[in-house]
Amino acid sequence: MRAKIFLILLVLGIASAQQTTTARDALCPVITLVRQIGVFVAIVMLSWAGVSFMTSGSDPLKHKEAEKRLEYAIIGILILLMAFYIVARMFANVNVLSGGDCPWA
């Protein structure tokens, strides 16, 4: 079990045989990857909601669907922002969203 976890970490570039890493250093690539995926999904969802609004025409059912989609996208963005704020406060009291990958490293 531990060998599998180490192999996964090694493949992801988190663990290194040349140097020992702390938990904060090991989480840096994971946090960066999750942030990038979250931003990509947020952009796709906002785009999808916009296209839904534009193509809804005068159909109230489609318009309501597009409103819900937009609402869920905005809620997801807020959750993403709060999650990174909490992670930043836990590890180094810095703002993860201020730019750069893992500013505490």
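FYI, it's all coordinate maths here, none of it is from the lab. Quantities reported herein were computed from a predicted structural model and do not represent experimental measurements. Positions of Cβ are generated from backbone atoms using ideal geometry, with glycine treated the same way; all protein chains shown enter the neighbour counts.
Tabulated data
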item	result
Neighbour-count ranking [beta-carbon atoms within 10 angstrom, fewest first] of Arg89, Arg2	Arg2, Arg89
Residue-wise HN-Hα coupling along the range 76-90, computed from phi with Karplus coefficients 6.51, -1.76, 1.60 (Hz; x: Gly, Pro)	x, 5, 4, 5, 4, 4, 5, 4, 6, 5, 5, 4, 5, 5, 5
Under Karplus coefficients 6.51, -1.76 and 1.60, residue-wise ³J(HN,Hα) of the range 63-69 in Hz, glycine/proline x	5, 5, 4, 5, 4, 5, 4
Order of Ser58, Ser52, Ser47 - criterion: other Cβ atoms within 10 Å of each residue's Cβ, fewest first	Ser58, Ser47, Ser52
